[in-house]
1. Where in the stretch 224-305 are there helices (runs of 4 or more DSSP H), lying fully within it, with 3 or more residues that are open to solvent by 20 Å² or more (accessible area, probe 1.4 Å)?
2. Within the stretch 113-167, how many residues are over 28 Å from Leu86 (Cα atoms) and without any contact (Cβ under 8 Å) to a residue 24 or more places away in the chain?
3. Return the only residue of Lys91, Lys68, Lys81 being touching a Pro at 6+ places or on another chain (Cβ under 8 Å) and without any contact (Cβ under 8 Å) to a residue 40 or more places away in the chain.
4. For Arg2, state whether it is within 14 Å of the ligand (Cβ to nearest atom) and of a type in the set (Lys, Arg).
5. Tally up the residues in the stretch 186-218 that are of a type in the set (Gly, Ala, Ser), touching a residue at least 24 places away in the same chain (Cβ under 8 Å) and more than 21 Å from Glu236 (Cα to Cα), please.
6. Please identify the pairs in which a residue from the stretch 276-305 that is farther than 15 Å from Leu38 by Cβ has its Cβ atom under 7 Å from the Cβ atom of a residue that is away from the ligand (no atom under 16 Å from the Cβ) and of a type in the set (Ser, Thr, Tyr), counting only partners at least 6 apart or on another chain.
7. Which residue is nearest to the ligand (Cβ to nearest atom), if the candidates are limited to the stretch 125-139 and must be surrounded by 24 or more Cβ atoms within 10 Å (Cβ to Cβ) and more than 8 Å from the chain's Cα centre (by Cα)?
8. Quick check on Leu160: is it on the phi < 0 side of the Ramachandran plot, modelled with pLDDT of 95 or more, open to solvent by less than 20 Å² (accessible area, probe 1.4 Å) and in a helix (DSSP H, G or I)?
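The values are calculated or read from the model by the stated rules, or taken from the named source; none is laboratory data. Being a predicted model, the structure only gives us computed values, none of them experimental. Note that each Cβ is placed from the backbone with ideal geometry, even for glycine, and that neighbours are counted across all protein chains shown. Surface accessibility is based on the protein's heavy atoms, side chains included, excluding ligands, DNA and RNA. Shrake-Rupley method; radii C 1.70, N 1.55, O 1.52, S 1.80 Å.
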Amino acid sequence: MRFKGKDIISIRDLEKDDILYILDVARKIEKSPDQDLLKGKVMASLFFEPSTRTRLSFESAMSLLGGKVVGFAEPGVSSLKKGETLWDTIKMVDRYADVIVMRHPVEGAARIASEAANVPVINGGDGSNQHPTQTLLDLYTILKTKGTLENLSVGMLGDLKYGRTVHSLCIALSHFNTKFYFISPDALAMPRDYLKDLERKGLSYTEESDLIKVSKELDILYVTRIQKERFPDPMEYKKYAGFYRLDKRILSHIKKDMKIMHPLPRVDEIHPELDSTEHALYFDQAANGIPVRQALLSLVLGRIE
Ligand code: CP
């Protein structure tokens, strides 16, 4: 794929070779960043939903390569508050920036924005749907720590129903002969269409609610938060809040080199006592957002071919 001018909306838009190419560009940028690579370019950072990592790492990524950032961190300070539509907002921002990074609570909002915009749009998360740049940094993190993306056993734990990070990651890892373990309460299971995709590709997966039953098999355990904000019924959320709480007791049930990942933020699903163990990868994972997002910005802005 030639990336210049392309939107990054869903991980489904990227072939295996595209993914590997982005990760390779990220590796090169991390090794020797060029502080002027994005000089003269402006990124609009439009966050209609809260974020710490995605927004700040995109903004840092742009600034560290010499680009400029405009935007807002919550929609209440934009003219949306006065009733302006997303379409009109994007039509305007399009004229002020060379690339738009956006997060929105509605599934499909980034796709709609990409139809309104002439500049590339990068999806920083749309509702429960997709979070493609998170997935790219997840893969980058796995590659750095395991030396390969191929043939790994990966457990995804927690809210697999509403979790956009696991939805995107499941699609991406299906290129790499992954053995999947989906660990959740029945009500928060991985949606059927993702499982059917794996079946079509001939990939093996196991669904389980008890982590201990499968934890010894895993090379990676990808933990997710039970997301209060996605539940239509708060009583339903209360049933599952705190369903999984990992602490040091898990250590006797995992491989010595098993790594724990989490897109963050966490609430109570990983006890801080695990942070200092060699298994905890989540803070390094978040840091990898910088080179990966630098690679994406450089590619879609045409500064790297
Ligand atoms: N992982 C992630 O998307 O974090 P933020 O919500 O803080 O951006």
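1. Where helices (runs of 4 or more DSSP H) fall fully within the stretch 224-305 and carry at least 3 residues being open to solvent by 20 Å² or more (accessible area, probe 1.4 Å), they are 234-240, 282-287.
2. The total comes to 2.
3. Lys81
4. In short, no.
5. 2
6. Partner pairs satisfying both residue conditions: Leu281/Thr145.
7. Once the filter is applied, the top-ranked residue is Asp126.
8. no
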